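Asks: Mind looking over this structure? Questions follow.
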Amino acid sequence: MPDQTMTFDLPPKDRSRLRELAARQAEQAARPVMRQRTLDWVRHNDLAGQRPMIHLELWTFAGDIIPQRLQCTSETGRGIEWQLLDHLINFELFDDDKIVPPFFPIRWQTWFQLFGIEVKTEQAADTQGRSLGYRFQYVLDDLATDLPKLGPSSFGVDREATLLYKHKLEALFGDLLPVRLIGASPGFSLTYQIVQLMGMENMFLALYDQPDELHALSRRITDDHLTYFRFLEAERLLLPCNS
């Protein structure tokens, strides 16, 4: 049994709401239709499917659906509640082929900071007050002079914080819904990283004006990410992400 002293400091109503959603997720995940959809996805991925598989990507408009359904009052509670609702809404509202997972997934708390630089953004709110528009505050102006100034990239993992979070979730609703560490597909977008550092227009100009320097920057970004991925592999932080 989880250590019951390792619990979130949540209001009683938040705890009750999260347990209700966890029980609902477990119930929906156990439906026969989920087992059938699992088989359908396996056939689909084996190029032997008998019908198109439909997955409505909720993340593109989750802000229009989930916030009005949140009932928790604490910040921690609302974060967990959002994730639980995210597991349920596709099935309960749209009934697409997304599978309700029979567990609550979490990931290792890892970080990667390119060149030790925290890229800052300026936000612009839309008519509903949501921060959708943004632009980066660039840190590179001239590659010939700025490239040698870039520091080393940093990365790591907080195992203690991850496992403590897992234990607290298990104490909260682990008797209703298992908590499982899962993986994420490691990857990065080279050009997006460059755009964050110097802007898209400057990147395109550098392709012509400073090709050697841009190539050197690209090489450093790639090598640092590969070093980070090898760290994840060596520390056994790469977990299955296909469930």
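Asks: Working carefully through the options Ala48, Ala26, find the one that is aliphatic (A, V, I, L, M), part of a helix (DSSP H, G or I) and modelled with pLDDT of 95 or more.
Replies: After ruling out the rest, the residue left standing is Ala26.
Asks: Same structure again: Is there any pair linking a residue in the range 66-94 that is open to solvent by less than 70 Å² (accessible area, probe 1.4 Å) to one that is β-branched (Val, Ile, Thr), with Cβ under 6 Å and at least six apart or on different chains, and which?
Replies: Note: pairs meeting the criteria are Leu85/Ile66; His87/Val100; Phe91/Val100.
Asks: Just wondering, is there one or more residues in the range 178-196 that are in contact (Cβ under 8 Å) with a residue 12 or more places away in the chain, of a type in the set (Ser, Thr, Tyr), open to solvent by 80 Å² or more (accessible area, probe 1.4 Å) and not in a helix (DSSP H, G or I)?
Replies: Yes, the range 178-196 contains at least one residue that is in contact (Cβ under 8 Å) with a residue 12 or more places away in the chain, of a type in the set (Ser, Thr, Tyr), open to solvent by 80 Å² or more (accessible area, probe 1.4 Å) and not in a helix (DSSP H, G or I).
Asks: Something else now. Any residue in the range 54-65 that is surrounded by fewer than 12 Cβ atoms within 10 Å (Cβ to Cβ) and of a type in the set (A, V, I, L, M)?
Replies: Within the range 54-65, one or more residues are surrounded by fewer than 12 Cβ atoms within 10 Å (Cβ to Cβ) and of a type in the set (A, V, I, L, M).
Asks: Check off (1) closer than 30 Å to Ala62 by Cα; (2) in contact (Cβ under 8 Å) with a residue 40 or more places away in the chain; (3) surrounded by 13 or more Cβ atoms within 10 Å (Cβ to Cβ) for Ala161 and give me the number that stays unchecked.
Replies: Status for Ala161: all satisfied but (3).
Asks: When you go through (1) open to solvent by less than 40 Å² (accessible area, probe 1.4 Å); (2) part of a helix (DSSP H, G or I); (3) touching a residue at least 40 places away in the same chain (Cβ under 8 Å) one by one for Asp146, which number turns out not to apply?
Replies: So Asp146 meets the others, but not (3).
Asks: Consider only pairs whose beta carbons are under 6 Å apart and that are at least six residues apart or on different chains; among these, list those whose first residue lies in the range 28-48 and is surrounded by 14 or more Cβ atoms within 10 Å (Cβ to Cβ) and whose second residue is part of a helix (DSSP H, G or I) and modelled with pLDDT of 95 or more.
Replies: Gln28/Phe91
Asks: From the list Pro101, Pro105, which one is open to solvent by less than 70 Å² (accessible area, probe 1.4 Å), in contact (Cβ under 8 Å) with a residue 60 or more places away in the chain and not in a loop (DSSP other than H, G, I, E, B)?
Replies: After ruling out the rest, the residue left standing is Pro105.
Asks: To continue, here is another question. On the basis of being assigned to a loop (DSSP other than H, G, I, E, B) and in contact (Cβ under 8 Å) with a residue 40 or more places away in the chain, does Leu169 make the cut?
Replies: Spelling it out, it is not the case that Leu169 is assigned to a loop (DSSP other than H, G, I, E, B) and in contact (Cβ under 8 Å) with a residue 40 or more places away in the chain.
The values are calculated or read from the model by the stated rules, or taken from the named source; none is laboratory data. Treat the numbers as computed from the prediction; the structure is a model and nothing was measured. Glycine also receives a Cβ, built like all others from the backbone with ideal geometry; neighbour counts cover every protein chain displayed. For accessibility, only protein heavy atoms count, side chains too; no ligands or nucleic acids. Shrake-Rupley method; radii C 1.70, N 1.55, O 1.52, S 1.80 Å.
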